[in-house]
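Data block below; observations after.
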Amino acid sequence: SQKIEQNSEALNIQEGKTATLTCNYTNYSPAYLQWYRQDPGRGPVFLLLIRENEKEKRKERLKVTFDTTLKQSLFHITASQPADSATYLCALRYSSASKIIFGSGTRLSIRP
Amino acid sequence: EAGVTQSPTHLIKTRGQQVTLRCSPISGHTSVYWYQQALGLGLQFLLWYDEGEERNRGNFPPRFSGRQFPNYSSELNVNALELEDSALYLCASSLDGYNQPQHFGDGTRLSIL
């Protein structure tokens, strides 16, 4: 069955550094992959979507890469700030008609 | 632009009762998704509605059901509530059901006593 893994439950980094979060999947490549941010008690907030024919997407300080050979997506936050502290979720969809599968998330803490 | 709205925000029920949760999608969005997020766990896909039809369903028992109305709003119904149904129920909408990102509401916190 399809499986998605975010390789660390928690990540602590110093303010100003680049945070890199990993999302690995099994089986064949998804049609697209999404990254979300979730704060405690709130719904996830959409950040970026990357499709299977795209290698990289950027939005301000955020960058997502998609490597279909490694079956992996990396999510980068450059010049990290304490306000970036949250849980980040990876979600993928294998085809346009399939269900969406979420990873369990990585809790990111940025210390001043 | 108003986001996805869900009601109620909190709900307390007892075992065996039934509950209905409501979701209004972002204006112009035709697809609605429902997820369950139990405490400390990831999001589990429940249901997907598009243009009034159920398009896909997660691995949940039939006592979880829903529908989508002509105005694209949606209801999630849960019958014969069990203690393990305690969770945050999240609704998301997307511009189309197939290729656009999902945007979430802040959920309904359901507690079963």
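The values are calculated or read from the model by the stated rules, or taken from the named source; none is laboratory data. A quick note: this is a predicted structure, and the numbers were derived from the prediction, not measured. Glycine also receives a Cβ, built like all others from the backbone with ideal geometry; neighbour counts cover every protein chain displayed. The accessibility values were calculated without ligands, DNA or RNA, using every heavy atom of the protein model including side chains. Shrake-Rupley method; radii C 1.70, N 1.55, O 1.52, S 1.80 Å.
One table, with the values for the structure above:
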quantity: Equivalent ellipsoid semi-axes - Cα gyration tensor, chain A, angstrom; calculated: 23, 14, 12
quantity: Neighbour count of at most 16 Cβ within 10 Å plus DSSP loop: longest trypsin sites (Lys or Arg not before Pro)-free window in chain B; calculated: B:64-113
quantity: Backbone HN-Hα couplings from phi across segment B:19-33 [Karplus 6.51/-1.76/1.60, Hz, Gly and Pro as x]; calculated: 9, 10, 10, 10, 9, 10, x, 4, 4, x, 7, 10, 10, 10, 10
quantity: For segment A:67-112, the spread of Cα positions along each principal axis, largest first, Å; calculated: 42, 22, 14
quantity: Within segment A:48-112, trypsin sites (Lys or Arg not before Pro) in DSSP loop having at most 12 other beta-carbon neighbours inside 10 Å; calculated: A:K55
quantity: Percent RCO, i.e. relative contact order, over chain B, from Cα pairs under 8 Å lying at least 6 residues apart; calculated: 37 percent
quantity: Charge dipole (segment B:1-96, unit charges on Cβ, about Cα centre) - positive-most of B:S93, B:S73, B:T9; calculated: B:T9
quantity: Sparsely packed trypsin sites (Lys or Arg not before Pro) within segment A:3-50, loop by DSSP, other Cβ within 10 Å at most 16; calculated: A:K3, A:K17, A:R42
quantity: Distant-in-sequence amide H partners of B:R55 (H built 1.01 Å from N, under 5 Å); calculated: B:W48, B:Y49, B:D50
quantity: GNM result for chain B, Cα springs below 10 Å: residue of B:A38, B:A80, B:A92 fluctuating most strongly; calculated: B:A80
quantity: Exposure ranking of B:E53, B:E75, A:E54 by accessible area [1.4 Å probe, largest first]; calculated: B:E53, A:E54, B:E75
quantity: With all protein chains modelled, accessible area of A:T26 [1.4 Å, Å²]; calculated: 50 Å²
quantity: Amide proton proximity set for A:S109, modelled H, under 5 Å, gap of 5+; calculated: A:L11, A:N12, A:I13
quantity: Directionally averaged projected area (convex hull, Cα atoms, chain B), nm²; calculated: 6.6 nm²
quantity: Candidate residues B:T108, A:T68, A:T18: accessible-area rank, largest first, probe 1.4 Å; calculated: A:T18, A:T68, B:T108
quantity: Quarter of the Cα convex hull surface for segment B:1-45, i.e. its orientation-mean projected area (nm²); calculated: 4.5 nm²
quantity: Taking N as its residue count, the alpha carbon Rg of segment B:11-70 over 2.2 N^0.38 Å; calculated: 1.22
quantity: For A:G43, distant residues with modelled amide H under 5 Å away; calculated: B:D106
quantity: Karplus-derived 3J(HN,Hα), 6.51/-1.76/1.60, for each residue of segment B:2-13, Hz, glycine and proline x; calculated: 6, x, 6, 10, 10, 9, x, 7, 9, 8, 10, 10
quantity: Most to least accessible of B:H10, B:H29, B:H103 (protein chains only, probe 1.4 Å); calculated: B:H10, B:H103, B:H29
quantity: Using distinct alpha-carbon pairs, which all enter the 1/r mean, Kirkwood radius of the protein assembly as shown in Å; calculated: 18.0 Å
quantity: Under the Karplus curve 6.51 cos²θ - 1.76 cosθ + 1.60, θ = phi - 60°, whole-Hz ³J(HN,Hα) for segment B:98-104, x wherever Gly or Pro sits; calculated: 10, 10, 10, x, 8, 10, 9
